[in-house]
Amino acid sequence: MKLGPLTIHPQRIAIFTGIAILLFLILNLNSRLEELARLQNEKATVSARGTAIVVTRYALETQQAFATSPSAVEQYAREQAHMAQPGDKPVVPLQQPGATPPPQPISTPAAPNLTNWDVWMAFLFEK
């Protein structure tokens, strides 16, 4: 086919159309690959969170099992509540006579919270 000085061949039209379709397919493949990478990263993140939740659940179940056991109650009573069972002979450590008592810490007053404005005013105008 001839349009003025241009000659149009059906083979060239088919080649250019094929190249255009191929370019669109490559661009579509690129966007799909980006989406795949994003979804794989998201899957790894969710999987890690799920694993952490399962581990936390097992740890809490173990703590709950121990807390409801008789040995936990006895451990609390002896160590924290300072209780004794009948027949136990509790020992209370005392200081030796004439021993120097441990020094008591002296509390220092906390510094007042000053704003930057107060610090500059004190620096410039107070002596």
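The values are calculated or read from the model by the stated rules, or taken from the named source; none is laboratory data. Note that the structure is a prediction, hence the values are computed from the model and not measured. Cβ coordinates were reconstructed from backbone atoms using ideal geometry, including for glycine residues, and neighbour counts include every protein chain displayed.
General observations
- Residue match in segment 55-69 (condition: without any contact (Cβ under 8 Å) to a residue 40 or more places away in the chain, not hydrophobic (A, V, I, L, M, F, W, C) and not in a helix (DSSP H, G or I)): yes
- Residue match in segment 36-43 (condition: at pLDDT below 90 and not polar (S, T, N, Q)): no
- Per the listing 13, 26, 106, the residue uniquely in a loop (DSSP other than H, G, I, E, B) and aliphatic (A, V, I, L, M) is 106.
- Residue in segment 98-107 that is within 37 Å of the chain's Cα centre (by Cα) and exposed (fewer than 10 other Cβ atoms within 10 Å of the Cβ) present: yes
- Those residues of segment 72-89 which are touching a Lys or Arg at 6+ places or on another chain (Cβ under 9 Å) and either touching a residue at least 40 places away in the same chain (Cβ under 8 Å) or surrounded by 10 or more Cβ atoms within 10 Å (Cβ to Cβ) (or both), in sequence order: 84
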